[in-house]
Amino acid sequence: MKPGTQVVYVPSEADGNIFHNSCEFGFVTSEHPDHEAHFVRYWRKGYIGRELITTGNSQLTYNNDMQEYYSTSQDNVDKQLILIKEQNGN
């Protein structure tokens, strides 16, 4: 997955149900060097597309625990990636 790919984290207790309360929606910011995981920024529940859970760090998420899922407009995600780059001084 490339940066900006929208995903949903599906923990084992969700049993594949992406609408389970434990699931989190977000987008990839980078790939982990071992290619078995990605760093993801997640949206705050109830604020998808408007507010991120963390503003300083992405969360490591294993590929087996997530799948592609569009939860907001891609333009919105692209704007967030630009803001993240600006915050990191890149």
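In segment 9-30, how many residues are assigned to a strand (DSSP E or B), in contact with an Asp or Glu (Cβ under 7 Å, 6 or more places away or on another chain) and either at pLDDT below 95 or among the aliphatic types (A, V, I, L, M) (or both)? Spell out how you get there, then give the answer.
First, the residues of segment 9-30 that are assigned to a strand (DSSP E or B): 9, 24-30.
If we keep only those that are in contact with an Asp or Glu (Cβ under 7 Å, 6 or more places away or on another chain) too, we end up with 9.
Those left that are additionally either at pLDDT below 95 or among the aliphatic types (A, V, I, L, M) (or both): none.
Within segment 9-30, residues that are assigned to a strand (DSSP E or B), in contact with an Asp or Glu (Cβ under 7 Å, 6 or more places away or on another chain) and either at pLDDT below 95 or among the aliphatic types (A, V, I, L, M) (or both) number 0.
Where the second residue is surrounded by 10 or more Cβ atoms within 10 Å (Cβ to Cβ) and part of a loop (DSSP other than H, G, I, E, B) and the first is among the aliphatic types (A, V, I, L, M) and lies in segment 33-57, which pairs have Cβ atoms under 9 Å and are six or more apart or on separate chains?
Between residues of segment 33-57 that are among the aliphatic types (A, V, I, L, M) and residues that are surrounded by 10 or more Cβ atoms within 10 Å (Cβ to Cβ) and part of a loop (DSSP other than H, G, I, E, B), the close pairs are V40/S58; I48/S71; I48/T72; L52/R44; I53/R44; I53/K45.
Out of all the residues in segment 17-29, which are surrounded by 11 or more Cβ atoms within 10 Å (Cβ to Cβ) and either in contact with a Pro (Cβ under 6 Å, 6 or more places away or on another chain) or more than 14 Å from V7 (Cα to Cα) (or both)?
H20, S22, V28, T29, listed by residue number.
Any chance segment 68-89 includes a residue that's surrounded by 14 or more Cβ atoms within 10 Å (Cβ to Cβ), without any contact (Cβ under 8 Å) to a residue 60 or more places away in the chain and under 10 Å from the mean Cα position of the chain (by Cα)? Talk me through it step by step, then tell me what you get.
Applying the first criterion (surrounded by 14 or more Cβ atoms within 10 Å (Cβ to Cβ)) to segment 68-89 yields 69, 71-72, 76-77, 80-81, 84.
Pick out the ones that are also without any contact (Cβ under 8 Å) to a residue 60 or more places away in the chain and you get 76, 80, 84.
Among the residues that remain, those that are also under 10 Å from the mean Cα position of the chain (by Cα) are: none.
Within segment 68-89, none of the residues are surrounded by 14 or more Cβ atoms within 10 Å (Cβ to Cβ), without any contact (Cβ under 8 Å) to a residue 60 or more places away in the chain and under 10 Å from the mean Cα position of the chain (by Cα).
If you take the residues of segment 1-16 that are in contact (Cβ under 8 Å) with a residue 60 or more places away in the chain and out of contact with any Leu (no Cβ under 7 Å at 6 or more places or on another chain), which of them is surrounded by the fewest Cβ atoms within 10 Å (Cβ to Cβ)?
Only one residue fits best here, namely M1.
Is it the case that some residue within segment 45-58 is out of contact with any Pro (no Cβ under 8 Å at 6 or more places or on another chain), surrounded by 12 or more Cβ atoms within 10 Å (Cβ to Cβ) and among the basic types (K, R)?
Going through segment 45-58, the residues out of contact with any Pro (no Cβ under 8 Å at 6 or more places or on another chain) turn out to be 45-58.
Applying the additional criterion that residues be surrounded by 12 or more Cβ atoms within 10 Å (Cβ to Cβ) yields 45, 48-49, 52-53, 58.
In the following step, the residues that additionally are among the basic types (K, R) were identified as 45.
The answer is yes, given that some residue of segment 45-58 is out of contact with any Pro (no Cβ under 8 Å at 6 or more places or on another chain), surrounded by 12 or more Cβ atoms within 10 Å (Cβ to Cβ) and among the basic types (K, R).
Answer yes if at least one residue in segment 31-44 is more than 11 Å from V8 (Cα to Cα), of a type outside the set (K, R), in a strand (DSSP E or B) and at pLDDT below 95, and no otherwise.
Residues of segment 31-44 more than 11 Å from V8 (Cα to Cα): 31-39, 44.
Of the ones still in play, those that are also of a type outside the set (K, R) are 31-39.
Cutting the leftovers down to in a strand (DSSP E or B) gives us 31, 37-39.
Still in the running and at pLDDT below 95: 31.
Within segment 31-44, one or more residues are more than 11 Å from V8 (Cα to Cα), of a type outside the set (K, R), in a strand (DSSP E or B) and at pLDDT below 95.
Any chance segment 60-67 includes a residue that's surrounded by fewer than 16 Cβ atoms within 10 Å (Cβ to Cβ), within 11 Å of the chain's Cα centre (by Cα) and farther than 24 Å from N88 by Cβ?
For segment 60-67, residues surrounded by fewer than 16 Cβ atoms within 10 Å (Cβ to Cβ), within 11 Å of the chain's Cα centre (by Cα) and farther than 24 Å from N88 by Cβ: present.
The values are calculated or read from the model by the stated rules, or taken from the named source; none is laboratory data. Bear in mind the structure is a predicted one, so any value in this text is a computation, not a measurement. Ideal geometry is used to build each Cβ from the backbone, glycine not excepted, and the neighbour counts take in all protein chains shown.
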